[in-house]
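For reference, the structure discussed in these notes is given below.
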Number of protein chains: 2
Amino acid sequence: MSGSSRVSRRGLLGGGLSVGAAAGVAGAFAAGRLSAPDTVKSGAPVASYPFHGARQSGIVTPAQDRLHFVALDVTTDDRDQLVALLKAWTDAAARMTTGRSAGPVGAVDGAGNAPPDDTGEALDLPPSRLTITFGFGPGLFTDADGNDRFGIAERRPDALERLPRFSGDVLEPARSDGDLCIQACADDPQVAVHAIRNLVRIGFGTTTVRWSQLGFGRTSTTSTSQSTPRNLFGFKDGTANVKAEEAAALDTHVWVGADDDPRAAWLAGGSYLVTRRINMTIEVWDRQSLEAQEQFVGRTKGTGAPLSGGEEFTDPDFAMAGSAGPIIPVDAHVRVVHPEVNEGVRILRRGYNFVDGSNDVGGLDAGLFFIAYLRDPRTHFIPLQRAMSSSDALMEYLRFTGQALFAVPPGTGEGEYVGQALFEA
Amino acid sequence: MSGSSRVSRRGLLGGGLSVGAAAGVAGAFAAGRLSAPDTVKSGAPVASYPFHGARQSGIVTPAQDRLHFVALDVTTDDRDQLVALLKAWTDAAARMTTGRSAGPVGAVDGAGNAPPDDTGEALDLPPSRLTITFGFGPGLFTDADGNDRFGIAERRPDALERLPRFSGDVLEPARSDGDLCIQACADDPQVAVHAIRNLVRIGFGTTTVRWSQLGFGRTSTTSTSQSTPRNLFGFKDGTANVKAEEAAALDTHVWVGADDDPRAAWLAGGSYLVTRRINMTIEVWDRQSLEAQEQFVGRTKGTGAPLSGGEEFTDPDFAMAGSAGPIIPVDAHVRVVHPEVNEGVRILRRGYNFVDGSNDVGGLDAGLFFIAYLRDPRTHFIPLQRAMSSSDALMEYLRFTGQALFAVPPGTGEGEYVGQALFEA
């Protein structure tokens with residue numbers, strides 16, 4: 001969007017040399033979309049991530065700053081039509097992540113009475129490190145009436161069930177669940193919106209939008225090359241996240257193992273995606289003292305160090321005594337969700353801050369759109385959320401207004417379509 | 001938000017050397033927030049705009065990429081309390097536009113039981129070219145019951161009346177009007193959100209949020225140093241905008257003249273701000289052929305040139321014949337709103353694209369949040385909107401869901417508060 005930093009998506013046709021090594025990209029292209037035009041002008045590669053690969057991008061990829069997430073319901077019972085959509089989505093995603101239009105004709109080369117095969121609003125924008133990640137919800141396997149409409153019910157992973165309602169949840173059906181999901185992350189929100197909008201357009205007649213969420217500030221760090229951002233409580237968030245560089249931890253906590261679920265071999269190497277729309281009652285939070293806020297979180301607001309001392313990445317000392325009980329209170333967020341008290345469980349968070357207009361009490365409809373990737377929701381999410389719902393001091397300032405669970409297939413090889421192993425194995 | 005490009009807002013205390021010449025800034029700092037840390041590291045000035053000046057910033061300032069706009073209602077009848085709020089807002093706005101916290105104590109230096117005077121989520125972010133612009137709605141002068149609660153009713157400008165409903169409008173009261181407005185624009189949405197959130201926080205007990213709108217892609221160009229961005233129809237938008245460099249046109253079309261309204265001398269040098277929330281029925285639009293889309297707009301989708309030929313900035317030739325009638329159709333948008341058929345009227349647009357989740361027909365709740373600054377809504381907006389509502393071919397793809405009008409006072413001098421001349425002249 002910056003005035004002088006444009007490169008035509010049409011001009012990029014076939015020319016987007018992508019950079020695959022995630023950690024390296026994060027360092028070299030920390031400036032994101034703004035660095036890309038410079039490198040284009042000098043003939044060097046564009047900052048983009050390839051769609052094809054062993055894993056889907058957008059999971060351990062260094063978290064981009066902007067999000068557009070959509071959950072869709074499938075409106076057909078025709079398996080061929082669904083597969084055709086997945087193929088079309090794969091083609092379009094592979095194109096758009098390299099900065100090209102959604103289809104080969106583009107936005108301005110239409111002929112005759114056919115609509116353009118791209119909507120055009122990203123025509124002048126660079127790839128902006130766009131990633132597009134697809135997931136399959138429980139409803140894809142068995143619809144609301146229990147029908148196996150696509151002949152894949154027997155391949156539904158055991159863990160892929162609608163999430164339970166947790167204590168204190170005020171979930172809205174219109175912000176929850178979905179048969180399919182698409183996560184688009186980019187450095188430029190217009191690029192993320194363009195991607196989702198064109199995929200939704202391609203799905204017209206096969207899918208409808210169930211809900212959609214924009215996020216403007218990432219609240220997690222997925223690579224050690226990134227520094228930790230802040231959520232709308234004003235605190236650093238995601239300090240203890242599983243990061244791209246921790247291969248063993250990823251295998252233990254994020255990727256579905258080859259033997260995890262015999263009836264869902266297609267999901268091996270993939271992951272599960274949990275979303276929770278977390279409204280923060282920021283007006284009430286803002287009237288708490290700094291000391292109280294830090295007690296709720298268990299970390300200092302300035303540096304993010306645990307209240308037991310040190311720096312941001314120092315391990316918290318839960319045994320250290322304070323003037324009244326432990327210096328990190330027993331209900332502090334950092335303690336309640338810490339692996340030490342949750343059987344060693346860690347997750348990969350990829351959340352975003354959001355503001356969605358105003359609420360009905362004269363404040364902002366704001367909070368955190370929680371996204372986590374994890375190996376199994378039964379071990380890596382449900383117990384953690386139950387612990388949080390029952391004893392986290394932060395709960396007083398949170399309202400959970402939406403949630404969803406999706407199975408995220410592994411990456412898509414060249415010539416394949418996303419989820420192919422589910423439909424054709 | 002990018003990992004390696006942070007500079008502490010605490011460290012900037014008093015150190016933010018701002019750059020005032022708008023056009024120069026656009027060129028030098030087109031890279032926005034990402035360039036700022038580099039220049040900080042090398043000791044050069046931070047890219048920021050001063051709050052104080054003869055005009056409010058955020059009008060002819062080169063349009064930043066992200067918006068958070070809020071409309072508020074005043075809940076007190078106490079004039080002193082309102083004036084105290086305007087003073088507190090002025091102080092906080094002057095601080096935040098230079099990258100400092102909203103109050104002198106900051107987010108992490110609180111003492112005792114007082115809440116922090118900044119919410120903290122922008123602690124690590126640069127100024128990001130933040131501008132904060134204040135406006136006064138009709139309800140500030142006379143409330144819904146006709147009361148002159150603040151003793152300023154006789155100074156209400158004649159032109160500051162609730163906008164009429166236009167043909168085809170489906171206005172939602174919860175997205176319309178307001179006693180006060182604040183427009184925050186920045187290169188980083190987290191910085192814009194932080195500004196609005198802290199000003200809303202300061203107003204607690206005096207104001208409530210009536211509505212709030214985020215925008216992610218500017219749809220206008222306010223300086224010749226910027227290139228023209230695209231709206232969600234995929235077309236370049238704002239080509240014919242009044243620009244910062246056109247001093248005479250600004251005086252004619254944007255700034256309120258000294259003699260425009262004898263009872264509102266306080267507004268001389270200010271402007272009027274119109275907002276219209278324009279939902280686009282993008283799913284229907286996307287099924288139109290390229291040719292049809294270009295006929296509706298009257299320009300080509302690729303370059304933005306008028307259908308009568310030339311380049312983006314070539315004047316349209318409305319007389320040129322096509323195979324069936326004029327080559328630019330009589331109901332093409334570019335013709336209906338062109339100064340040539342609207343008594344020479346031009347406006348300064350400063351709109352943003354938005355996506356606010358999903359709508360109730362399985363699509364995206366998306367469109368354009370129209371913002372315009374103009375000298376008098378009676379000559380510069382209402383006739384133009386009537387022309388558009390009655391004969392613009394684009395109307396078929398638009399739904400107007402909110403609108404508001406505000407008087408925007410001129411700039412605030414050092415030691416003054418915003419709107420001071422209204423309350424103390």
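Each value in this text was obtained by applying a stated rule to the coordinates, not by laboratory testing. Note that the structure is a prediction, hence the values are computed from the model and not measured. Using ideal geometry, Cβ is built from the backbone for each residue, glycine included, and neighbour counts are taken over all protein chains shown.
Report the local net charge at A:Leu384: Lys and Arg +1, Asp and Glu -1, summed over other residues whose C-beta lies under 14 Å from its C-beta. The answer is +3. Among B:Met388, B:Met96, a tally of other beta-carbon atoms within 10 Å of each Cβ gives an order, fewest to most, of B:Met388, B:Met96. Only Lys, Arg, Asp and Glu carry charge here, each on its Cβ (+1 for the first two, -1 for the last two); on that basis region A:324-425 has a dipole of about 280 debye about its Cα centre. With N as its number of residues, region B:233-370 has a Cα radius of gyration that, divided by 2.2 N^0.38 Å, comes to 1.25.
Relative to the longest principal axis of the Cα atoms of chain B, the long axis of helix B:382-391 lies at roughly 40 degrees. Take the Cα of A:Ala319, step 7 Å toward its Cβ, do the same at B:Glu340, and the gap between the two points is 8.4 nm. Between B:Val105 and B:Ala54, the FRET efficiency estimated from the beta carbon spacing at R0 = 30 angstrom works out to 0.45.
Within the shell defined by Cβ-Cβ distances under 13 Å, the residues around A:Val254 carry a net charge of +1, with Lys and Arg each +1 and Asp and Glu each -1.
For B:Arg378, the point set 7 Å out from Cα toward Cβ sits 7.3 nm from its twins in the other copies, listed from shortest up.
Annotation for A:Ala247 and A:Glu311: the two label points, set 7 Å from Cα along the Cα-Cβ direction, are 2.6 nm apart. Given +1 at the Cβ of Lys and Arg, -1 at the Cβ of Asp and Glu and no other charges, the dipole of the protein assembly as shown around its Cα centre is 1120 debye to the nearest 20.
Take the Cα of B:Thr75, step 7 Å toward its Cβ, do the same at A:Ala387, and the gap between the two points is 3.8 nm. Given +1 at the Cβ of Lys and Arg, -1 at the Cβ of Asp and Glu and no other charges, the dipole of region B:81-170 around its Cα centre is 220 debye to the nearest 20. Each copy carries a label point for A:Ala247 at 7 Å from Cα along the beta-carbon vector; from one copy to the others these points are 6.5 nm apart, nearest first. Cβ crowding within 10 Å, taken as a proxy for footprinting-reagent exposure, orders A:Glu311, B:Glu291 from fewest neighbours to most as A:Glu311, B:Glu291. Taking all Cα pairs closer than 8 Å and separated by 6 or more residues, the relative contact order of chain B comes to 22 percent. Distance from the Cα centroid of region B:91-140 to that of region A:51-116 is 40 Å (rounded to whole angstrom).
In whole angstrom, how far apart do the alpha carbon centroids of region A:348-425 and region A:239-282 sit? Cα centroid of region A:348-425 versus Cα centroid of region A:239-282: 11 Å apart.
Taking the Cβ of B:Gly215 as the centre, find all other residues whose Cβ is under 14 Å away and add up their charges (Lys, Arg: +1; Asp, Glu: -1). Neighbourhood net charge equals 0. Sorting A:Phe136, B:Phe318 by the number of Cβ atoms found within 10 Å of their own Cβ, with the fewest placed first, yields B:Phe318, A:Phe136.
Sorted from nearest, the other copies put their A:Ala321 label points 10.0 nm away, the label point being 7 Å from Cα in the direction of Cβ. Place a label point 7 angstrom from the Cα of B:Thr142 along the Cα-to-Cβ direction, then list the residues of region B:156-177 whose backbone nitrogen is under 14 Å away. Residues passing the 14 Å test: B:156-163. Panel note: the C-alpha atoms of chain A, placed on their principal axes, show extents of 76, 54, 46 Å (largest first). Counting 0.36 nm for each residue step from A:Ser227 to A:Ala153 and taking away their Cα separation leaves a gain of 22.4 nm. Mind pulling the angle between the C-alpha long axis of helix A:79-96 and the longest principal axis of chain A? Nearest 10 degrees, somewhere in 0 to 90. Taking Cα atoms only, the helix is inclined about 80 degrees. Taking chain B as the reference, fit the longest principal axis to its C-alpha atoms, fit the long axis of helix B:189-202 to the helix C-alpha atoms, and give the angle between the two in degrees, 0 to 90, nearest 10. The angle comes out near 50 degrees. Segment A:Glu424..A:Val330, full-extension length gain: 28.8 nm, with 0.36 nm per residue of separation and the alpha-carbon distance subtracted.
Residue separation of A:Val284 and A:Val361 scaled by 0.36 nm, minus their Cα-Cα distance, works out to 26.6 nm of gained length. Mean separation of Cα pairs under 8 Å and 6 or more residues apart, divided by the residue count, gives region B:329-395 a relative contact order of 38 percent.
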